[in-house]
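Comments concern the structure below.
The numbers here are math on the coordinates, done by the rules we state, and not lab data. It should be emphasised that the depicted structure is a prediction, and the values quoted were computed from it without experimental measurement. Neighbour counts are summed over all protein chains in view; Cβ atoms, including those assigned to glycine, are modelled from backbone coordinates with ideal geometry.
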Amino acid sequence: MIKVFENQYAELYDMSDEIPHVLFGHWRGFWQLSDKDAMEALHFPLNYVKEKNIKIMLTDYKDLEVVPEETNQWLLDYWFPTVVANGLKAEIVLDAGELIGQISVEFMYESVNKETGLITPKVATIEQGKEMAKLLLEEWKNKA
């Protein structure tokens, strides 16, 4: 994995050396629209997905604290539609460690698949996420 971005809210790694077309993200903190660093972290994947032909994000929320309602609405209205338009097909999710973070993750993904077509399965471990990513990529390759 090659680290492509880091700040207090995220560490993002291109996993193409191990699994082509996969970006791993470890997200943390309290995401407020008014926080410049939080927004920098959230904006980074938007173009990276398109530039590097990323099809799957493996997303670890174990250290996520809270996604306020206004930030969640921005994600639903802008972030998810943009990454899907830029080529993302799936976001494999490792849930938050704390209950409030789990509620934020549940709320965030509640309507994403229906609204954007993004596949958003949850897994328990990074290894399970990697295996699922490999299976999805193989399935899409066989359909092409």
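The table below gives the values:
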| read-out | value |
| --- | --- |
| Counted charge near Glu138, where neighbours are those whose Cβ lies closer than 14 Å (Asp, Glu -1; Lys, Arg +1) | +4 |
| Residue (of Tyr78, Gln8, Gly117) at the positive-pole extreme of the chain, dipole from beta-carbon charges | Gly117 |
| Within the chain: Cβ-based charge dipole about Cα centre, in debye rounded to nearest 20 (Lys, Arg +1; Asp, Glu -1) | 640 |
| Relative contact order %, the chain, counting alpha carbon pairs below 8 Å whose residues are six or more apart | 21 |
| Likely footprinting exposure, Met57, Met39, Met15, fewest C-beta neighbours within 10 Å first | Met39, Met15, Met57 |
